[in-house]
Amino acid sequence: MPSLSLTDLVDVFSKAGTPRVTKVREIKNREAYSPATDYYRRFREGVVEIHSLGRSKDSLGEILQTLPANKVENYSEMVEGYRKWWGRKEITWFNPPRGSYSYHNFTISVNPELGVEFDGRRHVIKLYTKADTLAKNRVDLVHSILELSLSVLSLERDRLCVLDVRNSKLFVSNGLMANAQAIIDAELAYIEALWPSL
């Protein structure tokens with residue numbers, strides 16, 4: 001059963017026409033995941049480490065140490081965006097739930113990076129690190145997949161969220177978008193129909 005990341009599905013969902021087919025082809029034909037080629041891995045793991053060890057906001061600067069030159073500008077934007085979002089929050093860590101969503105022969109892995117409590121509420125957060133604008137339809141899709149895959153694994157008052165890191169903006173889910181499951185299943189059916197011919 002092919003496994004897609006949440007980012008894969010959002011990338012396909014965001015495109016139309018030939019670029020959409022191209023994106024599915026790229027996903028099918030890419031090499032197996034390697035940490036060495038994961039551009040944003042160091043940022044994600046750095047933030048998780050800082051929170052899970054209870055370290056201070058000042059520790060964020062350590063993520064920038066010994067970076068290759070081609071990552072410094074992007075990583076600096078992300079660190080500053082995250083620092084601004086953190087602000088004066090008193091944050092404590094918990095292990096975020098991990099889940100999946102399946103349709104026919106495809107599974108979407110749903111792995112939020114952060115489980116953080118602040119302002120008296122637990123927040124399960126998926127980090128959005130890309131420079132591309134985080135459009136409302138993308139946010140709604142991510143919220144819906146988080147709801148469908150994690151709501152049974154989360155506590156009742158947990159907030160399922162997406163954090164646009166560069167813009168320091170937290171989007172908190174208000175529940176499923178209209179016809180969410182049908183829309184997600186249709187996206188996966190589209191990918192499944194194309195898959196054998198690519």
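The values are calculated or read from the model by the stated rules, or taken from the named source; none is laboratory data. All values derive from a computational prediction rather than experimental measurement. Note that each Cβ is placed from the backbone with ideal geometry, even for glycine, and that neighbours are counted across all protein chains shown.
Here are some notes:
- Of the residues making up region 141-159, those that are free of Cβ contacts under 8 Å to residues at least 40 places away in the same chain and within 14 Å of the chain's Cα centre (by Cα) are H143, L146, E147.
- Residues satisfying the stated conditions in region 166-198, i.e. within 17 Å of the chain's Cα centre (by Cα) and part of a helix (DSSP H, G or I): I184
- Taking residues in region 78-105 that are more than 21 Å from L9 (Cα to Cα), and partners anywhere that are in a strand (DSSP E or B) and basic (K, R), the pairs with Cβ atoms closer than 8 Å and at least 6 places apart or on different chains are W85/K169; F94/R122.
- Applying the condition of being within 26 Å of L67 (Cα to Cα) and over 15 Å from the mean Cα position of the chain (by Cα) to region 1-45 and asking which residue is modelled with the lowest pLDDT yields A36.
- Just so you know, in region 107-139 the residues that are of a type in the set (A, V, I, L, M, F, W, C) and at pLDDT below 95 include one that is surrounded by the most Cβ atoms within 10 Å (Cβ to Cβ), and it is L134.
- Just one of the numbered conditions (1) crowded, with 16+ Cβ neighbours inside 10 Å; (2) touching a Gly at 6+ places or on another chain (Cβ under 6 Å) is not true of L64: (2).
- Residues that are touching a helix residue (DSSP H, G or I) at 6+ places or on another chain (Cβ under 8 Å) and either assigned to a helix (DSSP H, G or I) or of a type in the set (K, R) (or both), drawn from region 118-139: K126, N137, R138
- Test: F43 is farther than 28 Å from A180 by Cβ and touching a residue at least 60 places away in the same chain (Cβ under 8 Å): yes
- Some residue of region 136-158 being touching a Ser or Thr at 6+ places or on another chain (Cβ under 6 Å) and under 22 Å from S56 (Cα atoms): no
- Residue in region 74-96 that is closer than 30 Å to I183 by Cα and surrounded by 14 or more Cβ atoms within 10 Å (Cβ to Cβ) present: yes
- The set of residues in region 8-37 that are assigned to a loop (DSSP other than H, G, I, E, B) and surrounded by 12 or more Cβ atoms within 10 Å (Cβ to Cβ) comprises S14, K15.
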